[in-house]
1. Which is the longest run of the chain containing none of the trypsin sites (Lys or Arg not before Pro) found in DSSP loop states (not H, G, I, E, B) with at most 12 other C-beta atoms within 10 Å?
2. For Leu28, which sequence-distant residues (separation of 5 or more, or a different chain) have an amide H within less than 5 Å of its own amide H, given hydrogens modelled in the peptide plane?
3. Carbon and sulfur together cover what percent of the accessible area of the chain at a 1.4 Å probe radius?
4. Counting only other residues whose beta carbon sits under 15 Å from that of Ala16, what net charge do I get with K and R as +1, D and E as -1?
5. Loop sites only, by DSSP: take the GluC sites (Glu not before Pro) in the chain that have at most 10 other C-beta atoms within 10 Å and name the longest stretch containing none of them.
6. Per residue, how many Å² of accessible area does the chain show with a 1.4 Å probe?
7. Tilt of helix 63-78 relative to the longest C-alpha principal axis of the chain, in degrees (0 to 90, nearest 10)?
Amino acid sequence: MIKVTPDKLQPGMRLARPVMNKAGMALLGEGTELTETWIARIQDMELEEAIYVEGKLEMEVPIDEMLAALDSRFQSAHG
C-alpha cells in the first residue's frame, strides 16, 4: 500500500482504502480503479488526507547507491 497525495494520483491506480469526504462518508470504495474523471473529482474535493493506493513504493535511487553515498559522507567526517 502506498500513501499518495491527490496531486500524484494517476489513472489506473487502484484504491487500497476507501476515499472519505470531510464528513466521514465513503465516496469511493476500496479496490476502485482510478480514472481521470475520478482523480479530477478527488482533487476538486481538496481532501486534507492522503489517498492509499495498492502497490509498493519504488525508490527513485537504488538502495545500494544511497548506502554508498551515506558511507562516503561518514568517511569524510571521520577522515
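1. Value returned for the longest uninterrupted segment is 23-55.
2. Distant-sequence amide H within range of Leu28: Val19.
3. Reported share for carbon and sulfur atoms: 51 percent.
4. Every neighbour counted, the sum reads +1.
5. The longest uninterrupted stretch comes out as 1-45.
6. 79
7. 40
The values are calculated or read from the model by the stated rules, or taken from the named source; none is laboratory data. This structure is a prediction, so every number in the text was calculated from the model and none was measured. Note: ideal-geometry Cβ built from the backbone for every residue, glycine included; neighbour counts use all protein chains shown. Side chains included, ligands, DNA and RNA excluded: accessible areas come from the protein's heavy atoms. Shrake-Rupley method; radii C 1.70, N 1.55, O 1.52, S 1.80 Å.
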